[in-house]
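Asks: This structure is in structure tokens; I'll ask about it shortly.
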Amino acid sequence: MRQVAPLLLLVVAVAPAWAQPASNDDALVDFFERKVRPVLANNCYNCHSANTKAIANLRVDDRNGLVKGGNRGPAIIPGNPEKSLLIQAVKKTHAKVKMPPEHDLTAADIDALVRWVKDGAAWPAVRVPASINRVNPKYDKLRKEHWAWQPLRNAKAPAVKNAAWPRTDIDRFVLAKLEEKGLDPVADADRLTLIRRVTFDLTGLPPTLDDIDAFLNDKSPKAFEKVVDRLLASSAYGERWGRHWLDVARYAESTGSARNLPYPQAWRYRDYVIDAFNSDKPYDRFVREQIAGDLLPATTQQERDAQLIATGFLALGVKDVNQRFKVRFVMDNVDEQIDTVSRSVLALTASCARCHDHKFDPIPVADYYALAGIFQSSDHCSGLRNQMGGAGLAYYEPNLLLKLGNAATVEPDSKTKARIAELTVAVEKAKAEFNSIKGTSKGKEKTIDGRPAQMVARQKMLKLQAELLSLTDPAKDGQVALGVRDSQNVGDTEIRIRGEAEKLGPVVPRGFLTLLSIPDAPKVNPQQSGRLELSQWLTNNQNPLTQRVIVNRVWRHLFSKGIVSSVDNFGTTGDAPSHPELLDHLARKFVADGWSIKKLVRTIVLTRTYQLGHDAPKQQVAIDPANRLLWRHSPRRLDAEEIRDAMLAVSAQLDLRRPKASAAADLKVSELRNNAPEALRILGDADKSVHRSVYLPLLRTLTPRSLEVFDFAEQGMVTGNRDTTTVAPQSLYMLNDPFVLQQAQALAKRLLERGSNDDARVNLAFRWTLNRSATEKEIANARFFLGDYEARLREEASEPKVDARAEAWASFSQALLASAEFRFVR
């Protein structure tokens, strides 16, 4: 019996009626090429092809485009020319559509089109590359051998020579590696270093003087445990660790890309993430809610709303709303979702298989489209639609938003209903008027009341759109969210040849990646999208990749580098783990502890490994310069949010309350230009805000300056590792930016109001900013600086009102804020 290629076993033999030609008869295809294609090319392609704006979203250079149709529905119904819009249009029997508009087709051309449609609308078959039906011979070997895809090992903590040093099993794994290389761990960190380190790591904020003094005065063996438990219980913990996930979730409040449209409801997802970390929502539940929250049961309306908001994870990506073809828009969004889910949860680059089998990892193109069918069966509810060259609110689609439980359901009265109907007609008429003169000489040269006709038409259209929206927009009461929901039509999808959205190959059943073998994996419910089963597959206790990836992400945020340093790539092109047995040990414990992030964090920071000092003996550096074996604790620079929040904290300006919504929440869903008043207002609000940085508005391409200069996360893609650079703009920011100057002045004012003398104030400044006391030499240097600065100001001041003493202290405060010691934790 001839062996069937494994890929073909996945292929469904029956494609949708529109997906392939009704016949592969050579004579019918020949007739199309000789008699039909020339008619379409000569008369239709200028307005309805891939290389044009495709008026009415109709393409006639592609069979699927004709069968699916444009704004008016299918252009042809194979086998039925009488009901085909294309035939009615060229015969000019349709009431509204008469094509071509400026001339008539010959009778012979019309007869050819009629015959072609009647015979099934044959089209040359898309050639399926042979590689699609061929299994990569390296894949089986990779599945069996690559470390990341193997089951978790039940690794026991190894025996070590220095048995007195470890406090936990984690320490034993680390020490065993050090002993193999002849390395010794350095001395433990002092208490001041330790409380500064753990407070920033767990909350993103500096410790207060009360926190420091309480820890230094607590001589009990559990003093550090008390600190850790207090920090884990604070709301600041969720704001810090929720931000880590927002990096992974490529969180932003606008689309970016060619046309930057705001997501006014994105903040709901931000708050959901923060709350999830503060409540220690089990990570498996956290993932399931973000993939399929709308399909999970809920016991209360509040829980139901939270689950809907959670699916915003799939809706917040970059979108090219200026894409002229809906099928491309849809498939690009599907690709972005596949990339986000596979990188964030599995640390795999599955989207590399969109056009061909993955070059390095065992992900065939069929696996990609098994996932694509799941996401294509889901409505992308971001409140947006695609449109080439739209203006005003043209991209806004209110029906593509998720209504929350307390959304208003009051029906409009008869008078309002009548106005809505009237406005609907008026908006369409105004759109047509604007589009008819947009970019034409008539639109530019003709004037109405002294203004260009194009401008007048656009303003009229926008005014009518705004009024209609004020009556119909479900978001006007604020009770909507971004997310996903199952489409009315769910089903499997076709492989796209070379990744091109319109070039359809064989159909692939919805399913999951085959590089992992998970016993009893759920089967996709044919009545639903498959997102529920995907979420269950991702969080299955037998899925080692999900567990390894999240444990590694947590480790990275506590040690500045993951056990696998390529935190977003566990594939063959990623890095190998430095401590593979430890990684599996942590993953097993993580699941046993109920997928609790807080318990994992607590376990790690209570190790002796985490509490090491930062000394760097030359002989140790020579053996392991990157500290991959963890013989010391590597110092790290604070990230952008920590630097900003720490400045606000030490100047006593930080408002720890959660602000309502976001500064971007009241933006209209129209294009944001970088220099537009709306954009400048948002950036201005960010500059003036004294809330934590996690609550600043985050529009793509419009990152607040205080975050952008210190290597903020890339908002267009999964970012598990931020860059850490040292560049001139950072120094200039700390020297000149108004925000920094304001915090320095506020800190100076605070210092002058405290302390019995200047020496005490200098010491207090060091304790607030650097979390340690000043040395005698530092106090002497500061005393000289302050006196000299004040004297020079008094000599040079042109105005007697200058407060030289306050200015001197502000300059001293700024020097502390700009210091490397302020920006680093050790």
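The values are calculated or read from the model by the stated rules, or taken from the named source; none is laboratory data. Just so it is clear, the structure is predicted and the values come from calculations on it, not from any experiment. We place every Cβ from the backbone using ideal geometry, glycine too, and count neighbours over all the protein chains shown. To get the accessible areas, we keep the full protein, side chains included, count just its heavy atoms, and leave off ligands, DNA and RNA. Shrake-Rupley method; radii C 1.70, N 1.55, O 1.52, S 1.80 Å.
Asks: Could you give every pair whose Cβ atoms fall below 7 Å, whose first residue belongs to segment 329-345 and is farther than 12 Å from I291 by Cα, and whose second residue is of a type in the set (S, T, Y), counting only separations of at least 6 or pairs across chains?
Replies: D335/S351; D339/S351; R343/T349
Asks: Filter segment 291-301 for residues that are touching a residue at least 60 places away in the same chain (Cβ under 8 Å) and either closer than 19 Å to R343 by Cβ or more than 18 Å from the chain's Cα centre (by Cα) (or both) and give the result.
Replies: Scanning segment 291-301 gives I291, A292, D294, L295, L296, Q301.
Asks: Of all residues being outside any loop (DSSP other than H, G, I, E, B) and among the polar types (S, T, N, Q) in segment 525-547, which is most open to solvent (accessible area, probe 1.4 Å)? Just the residue, please.
Replies: The initial filter retains those residues of segment 525-547 that are outside any loop (DSSP other than H, G, I, E, B), namely 531-538, 544-547.
Checking the rest, the ones that are also among the polar types (S, T, N, Q) come to 535-536, 546-547.
On the way: S535: 0, Q536: 75, T546: 0, Q547: 2 Å².
Ranking the candidates gives Q536 first.
Asks: I'd like the residue in segment 470-485 that is in contact with a Leu (Cβ under 9 Å, 6 or more places away or on another chain) and open to solvent by 40 Å² or more (accessible area, probe 1.4 Å) and, out of all such residues, is nearest to D449 (Cα to Cα).
Replies: Applying the filter and picking the extreme gives L471.
Asks: Go through segment 121-149 and count every residue that is under 30 Å from V551 (Cα atoms) and open to solvent by less than 50 Å² (accessible area, probe 1.4 Å). Step through it out loud before you land on a result.
Replies: Filtering segment 121-149 down to residues under 30 Å from V551 (Cα atoms) leaves 138-149.
Pick out the ones that are also open to solvent by less than 50 Å² (accessible area, probe 1.4 Å) and you get 139, 142, 146, 148-149.
The number of residues fulfilling the criteria is 5.
Asks: Same structure again: Can you pull out the residues in segment 635-660 that are open to solvent by 20 Å² or more (accessible area, probe 1.4 Å), in contact with a helix residue (DSSP H, G or I) (Cβ under 7 Å, 6 or more places away or on another chain) and of a type in the set (G, A, S)?
Replies: Across segment 635-660, the qualifying residue is only A652.
Asks: Right, another one. Only one of G256, G293 is within 22 Å of N543 (Cα to Cα), touching a Ser or Thr at 6+ places or on another chain (Cβ under 7 Å) and small (G, A, S); which?
Replies: Numbers: G256 fails: within 22 Å of N543 (Cα to Cα).
One residue alone meets the criteria, G293.
Asks: Same structure again: Is it the case, given these coordinates, that R510 is more than 19 Å from I291 (Cα to Cα), open to solvent by 10 Å² or more (accessible area, probe 1.4 Å) and modelled with pLDDT of 95 or more? Break it down stepwise before answering.
Replies: Working: more than 19 Å from I291 (Cα to Cα): no; open to solvent by 10 Å² or more (accessible area, probe 1.4 Å): yes; modelled with pLDDT of 95 or more: yes.
So R510 does not fit the description; no.
Asks: Failed condition for T447, given (1) among the β-branched types (V, I, T); (2) at pLDDT 85 or above; (3) open to solvent by 30 Å² or more (accessible area, probe 1.4 Å), with all others met?
Replies: Condition (2) is where T447 drops out.
Asks: For A292, are the conditions met, namely being open to solvent by 10 Å² or more (accessible area, probe 1.4 Å), closer than 30 Å to R588 by Cβ, among the small types (G, A, S) and in a helix (DSSP H, G or I)? Give the derivation first.
Replies: Values: open to solvent by 10 Å² or more (accessible area, probe 1.4 Å): no; closer than 30 Å to R588 by Cβ: yes; among the small types (G, A, S): yes; in a helix (DSSP H, G or I): yes.
Answer is no for this residue.
Asks: Scan (1) closer than 20 Å to R628 by Cβ; (2) open to solvent by 70 Å² or more (accessible area, probe 1.4 Å); (3) assigned to a loop (DSSP other than H, G, I, E, B); (4) without any contact (Cβ under 8 Å) to a residue 40 or more places away in the chain for the single condition D184 breaks and write down its number.
Replies: Only one criterion is unmet by D184, namely (4).
Asks: If you don't mind, there's one more thing I want to ask. Looking at segment 468-499 only, could you name the residues that are in a loop (DSSP other than H, G, I, E, B) and either in contact (Cβ under 8 Å) with a residue 12 or more places away in the chain or farther than 18 Å from N333 by Cβ (or both)? Please lay out each step first, then the result.
Replies: Initial filter on segment 468-499 (in a loop (DSSP other than H, G, I, E, B)): 473, 478-479, 482, 487-492.
Residues satisfying the conditions are D473, G478, Q479, L482, S487, N489, V490, G491, D492.
Asks: Take the residues in segment 159-181 that are open to solvent by less than 50 Å² (accessible area, probe 1.4 Å) and in a helix (DSSP H, G or I); name whichever of them is nearest to D624 (Cα to Cα). Quick ask: steps written out before the conclusion?
Replies: Initial filter on segment 159-181 (open to solvent by less than 50 Å² (accessible area, probe 1.4 Å)): 160, 165-166, 168, 170-171, 173-176, 178-179.
Now narrow it down to the ones that are in a helix (DSSP H, G or I): 170-171, 173-176, 178-179.
Details: I170: 20, D171: 18, F173: 17, V174: 14, L175: 14, A176: 15, L178: 10, E179: 13 Å.
Among them, the one singled out is L178.
Asks: On the basis of being among the acidic types (D, E), over 16 Å from G389 (Cα atoms) and out of contact with any Leu (no Cβ under 9 Å at 6 or more places or on another chain), does E445 make the cut? Quick ask: steps written out before the conclusion?
Replies: Numbers: among the acidic types (D, E): yes; over 16 Å from G389 (Cα atoms): yes; out of contact with any Leu (no Cβ under 9 Å at 6 or more places or on another chain): yes.
Yes: the conditions hold for E445.
Asks: Report, by residue number, each residue of segment 777-826 that is closer than 23 Å to N736 by Cβ, assigned to a helix (DSSP H, G or I) and open to solvent by 70 Å² or more (accessible area, probe 1.4 Å).
Replies: Across segment 777-826, the qualifying residues are F785, Y789, R792, E796, R805, E807.
Asks: Out of contact with any His (no Cβ under 8 Å at 6 or more places or on another chain), of a type in the set (D, E, K, R) and open to solvent by less than 20 Å² (accessible area, probe 1.4 Å): which single residue out of D413, D357, D379, D367 fits that description?
Replies: Being out of contact with any His (no Cβ under 8 Å at 6 or more places or on another chain), of a type in the set (D, E, K, R) and open to solvent by less than 20 Å² (accessible area, probe 1.4 Å) holds for just one of D413, D357, D379, D367, which is D367.
Asks: Can we say R153 is in a loop (DSSP other than H, G, I, E, B) and under 25 Å from A347 (Cα atoms)? Talk me through it step by step, then tell me what you get.
Replies: Values: in a loop (DSSP other than H, G, I, E, B): yes; under 25 Å from A347 (Cα atoms): yes.
In short, yes.
Let's see how each residue does on (1) surrounded by fewer than 24 Cβ atoms within 10 Å (Cβ to Cβ); (2) assigned to a helix (DSSP H, G or I); (3) touching a residue at least 24 places away in the same chain (Cβ under 8 Å):
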{"residue": "P522", "(1), (2), (3)": "yes, no, no"}
{"residue": "V549", "(1), (2), (3)": "no, yes, yes"}
{"residue": "H557", "(1), (2), (3)": "yes, yes, yes"}
{"residue": "H585", "(1), (2), (3)": "yes, yes, yes"}
